[in-house]
Amino acid sequence: MDDISTADRTGVVFLKAVSWFLGLVYVLCWSLSFYPQPLLNFRRRSTHGTSIDFPTLNVLGFVAYTISTGAFLYSSTIRNQYAAKHPLSPVPTVRVNDFVFALHGAVLCIITYSQFFPKLWGFTAGRRQGASLLIIGIFWGCVFGVLGVTFIVGSKENGGEYDGRRWAWIDVIYAISYVKLVCTVVKYCPQAWLNYKRKSTVGWSIGQILLDFVGGVLSIMQLIIDSSLQADWSGVTGNPAKFALANISIIFDIIFMLQHYVLYTEKRAASDLSTIAEEEEVDDDRWKNRDEERPLVTAEH
């Protein structure tokens, strides 16, 4: 009996160590994935080949992700309300590495977005490059949606003990975490469509996709291990943003890898920059009528 107990304790310690290692590696992969695209833009002195819709939603998504992970980690109010809502697994599965990754990602996303403004970096940008009306609508829809939930919670909050059923501040944090989820679902679509229209992935870094893919797989593995250690899978359902984020990212990563390594290899091999620039000026009418598009912030070229 003692041998079984010792074996169980050893197994738990081992799984905790594996979870810690997976967290370390996946946050490293995901953190490094932010560098290939801005470095490629810097090397080419151009943002041709990258849809501005992608960094636009990335900025919003990672700012939201930073806020939500920070709240689950460091807000006693949110942690207490989480425990009341999930009594069988009262500790959020958000880790410090999640917060570090989110904060670092937000900073790098802002830098990448800024590269689309020629006055800041002097890079060559698309002649009519601006976020689409659909992306602008999603951007502000997410912002006002969170403000709406905040207003509801503020009007119903009575300061009493939280029972896990009524509106509370944790619902605001969940709303913010869903902003990241919405951004992740949508942000890849314009880039995948742009690659399809151009029949090329030149200007779109495959390095970020490979690192993102590895990080996504390891993130899911860590979340599964953490939930199994608590013997309660509400550790997954209680942190839907992290679980869905990794799955959605993996699907799009596979699409981009197929585009890069299988579908559009010939154009990638003939990567003459002047030819690419001319093609991208024509194909800049991506995924919807560009005459209807407006930038979030006007950038004078």
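Only one entry in 171, 212 is open to solvent by 10 Å² or more (accessible area, probe 1.4 Å), acidic (Asp, Glu) and free of Cβ contacts under 8 Å to residues at least 60 places away in the same chain, namely 171.
Kindly indicate whether residue 223 is among the aliphatic types (A, V, I, L, M), modelled with pLDDT under 75, open to solvent by less than 20 Å² (accessible area, probe 1.4 Å) and closer than 30 Å to residue 93 by Cβ. Taking the combined requirement at face value, the residue does not satisfy it. Condition (residue is open to solvent by 30 Å² or more (accessible area, probe 1.4 Å), modelled with pLDDT of 80 or more, farther than 30 Å from residue 263 by Cβ and out of contact with any Cys (no Cβ under 8 Å at 6 or more places or on another chain)) applied to the range 193-203: is it met by at least one residue? Within the range 193-203 (the criterion being open to solvent by 30 Å² or more (accessible area, probe 1.4 Å), modelled with pLDDT of 80 or more, farther than 30 Å from residue 263 by Cβ and out of contact with any Cys (no Cβ under 8 Å at 6 or more places or on another chain)), the answer is no, since none of the residues qualifies. The lone criterion from (1) modelled with pLDDT under 85; (2) surrounded by fewer than 21 Cβ atoms within 10 Å (Cβ to Cβ); (3) more than 30 Å from residue 168 (Cα to Cα); (4) not charged (D, E, K, R) left unmet by residue 42 is number (1). Residues in the range 126-157 that are open to solvent by 50 Å² or more (accessible area, probe 1.4 Å), more than 18 Å from residue 169 (Cβ to Cβ) and assigned to a helix (DSSP H, G or I): 133, 134, 140, 144.
A count restricted to the range 14-45 and to residues that are under 30 Å from residue 130 (Cβ atoms) and in a helix (DSSP H, G or I) stands at 12.
The values are calculated or read from the model by the stated rules, or taken from the named source; none is laboratory data. Just so it is clear, the model here is predicted, and its values are computed rather than measured. Here Cβ is always computed from backbone atoms with ideal geometry, including for glycine, and neighbour counts include all displayed protein chains. Areas reflect the complete protein model, heavy atoms only, side chains present, ligands, DNA and RNA absent. Shrake-Rupley method; radii C 1.70, N 1.55, O 1.52, S 1.80 Å.
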